[in-house]
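What follows is one structure encoded as structure tokens, with my remarks underneath.
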């Protein structure tokens, strides 16, 4: 019964036009396109973390000749949420946003101009060290989350570009 259900599910998925984006893993046009994305340095600690997360996800470590450049500007804010009667802060919100442009290096065209962001709540405790550690951990987690969102949009853009150029 399970095999029948699995077969029907696979047929239904193939009928709706879904295709794997990374078909053939590293040999697909999308995977090769992602590996060809150059990420210039991004200022500040949040930028450094975001760039590292992007490079991990894009697979740019071994890319010899970049096809695209990803320009990124970040906005990292820490704001007070919970203020007690004695004017002390009990909760903070870290907001991490990135505006990015994917630029085709062959002609300078902007292929994608988008933003990605995430935010996290942080408890402010009596230990200043614990609060700073929580703020840093939130920044690390948010940079990875934003990188995931960016790479997904970039992959979709590269896939559309490859389909327009006739590459399957």
Next item on the list: Identify, by number, the condition in (1) out of contact with any strand residue (DSSP E or B) (no Cβ under 7 Å at 6 or more places or on another chain); (2) more than 17 Å from residue 111 (Cβ to Cβ); (3) outside any loop (DSSP other than H, G, I, E, B); (4) modelled with pLDDT of 70 or more that residue 86 doesn't meet.
Entry: (3)
Note to self: So residue 92 ticks every box in (1) farther than 30 Å from residue 134 by Cβ; (2) at pLDDT below 90; (3) surrounded by 14 or more Cβ atoms within 10 Å (Cβ to Cβ) but one. Which box is left unticked?
What the structure shows: (1)
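Would you please name the residue that is surrounded by the most Cβ atoms within 10 Å (Cβ to Cβ), looking only at residues in the range 53-71 that are touching a residue at least 40 places away in the same chain (Cβ under 8 Å) and within 24 Å of residue 135 (Cα to Cα)? Outline the logic, then answer.
Filtering the range 53-71 down to residues touching a residue at least 40 places away in the same chain (Cβ under 8 Å) leaves 53-54, 56-58, 68, 70.
Restricting the remaining residues to those that are within 24 Å of residue 135 (Cα to Cα) gives 53-54, 56-57.
On the way: 53: 21, 54: 26, 56: 13, 57: 18.
So, considering only residues that are touching a residue at least 40 places away in the same chain (Cβ under 8 Å) and within 24 Å of residue 135 (Cα to Cα), the one surrounded by the most Cβ atoms within 10 Å (Cβ to Cβ) is 54.
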Checklist line | Hits in the range 146-164 - residues which are in contact with a strand residue (DSSP E or B) (Cβ under 7 Å, 6 or more places away or on another chain) and without any contact (Cβ under 8 Å) to a residue 40 or more places away in the chain | finding: 149
Check: Residues in the range 43-52 that are closer than 16 Å to residue 99 by Cα and buried (at least 16 other Cβ atoms within 10 Å of the Cβ): how many?
Finding: 5
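Kindly indicate whether residue 103 is out of contact with any helix residue (DSSP H, G or I) (no Cβ under 6 Å at 6 or more places or on another chain), part of a helix (DSSP H, G or I) and closer than 17 Å to residue 40 by Cβ. Show your work before the answer.
Values: out of contact with any helix residue (DSSP H, G or I) (no Cβ under 6 Å at 6 or more places or on another chain): yes; part of a helix (DSSP H, G or I): no; closer than 17 Å to residue 40 by Cβ: yes.
For residue 103, the condition - out of contact with any helix residue (DSSP H, G or I) (no Cβ under 6 Å at 6 or more places or on another chain), part of a helix (DSSP H, G or I) and closer than 17 Å to residue 40 by Cβ - is not met.
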Next item on the list: Specify which of the listed residues (70, 50) is under 17 Å from residue 153 (Cβ atoms), in contact with a strand residue (DSSP E or B) (Cβ under 8 Å, 6 or more places away or on another chain), part of a helix (DSSP H, G or I) and modelled with pLDDT of 90 or more.
Entry: 50
Check: When you look at residue 131, is it over 20 Å from residue 48 (Cα atoms) and either touching a strand residue (DSSP E or B) at 6+ places or on another chain (Cβ under 9 Å) or modelled with pLDDT of 85 or more (or both), yes or no?
Finding: yes
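Looking only at the range 126-168, which residues are assigned to a helix (DSSP H, G or I), more than 21 Å from the chain's Cα centre (by Cα) and surrounded by fewer than 17 Cβ atoms within 10 Å (Cβ to Cβ)?
Pass one, the range 126-168, residues assigned to a helix (DSSP H, G or I): 128-164.
Filter again for more than 21 Å from the chain's Cα centre (by Cα), leaving 128-134, 163-164.
Those that are assigned to a helix (DSSP H, G or I), more than 21 Å from the chain's Cα centre (by Cα) and surrounded by fewer than 17 Cβ atoms within 10 Å (Cβ to Cβ): 128, 129, 130, 131, 132, 133, 163, 164.
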Margin query: Looking at 116, 134 in this structure, which one is without any contact (Cβ under 8 Å) to a residue 40 or more places away in the chain and closer than 16 Å to residue 58 by Cβ?
Written below: 116
Checklist line | Options 20, 40: the member that is modelled with pLDDT of 90 or more and surrounded by fewer than 14 Cβ atoms within 10 Å (Cβ to Cβ) | finding: 40
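The values are calculated or read from the model by the stated rules, or taken from the named source; none is laboratory data. Because the structure is a prediction, the values reported are computed rather than measured. Every residue, glycine among them, receives a Cβ derived from its backbone with ideal geometry; neighbour counts consider all protein chains shown.
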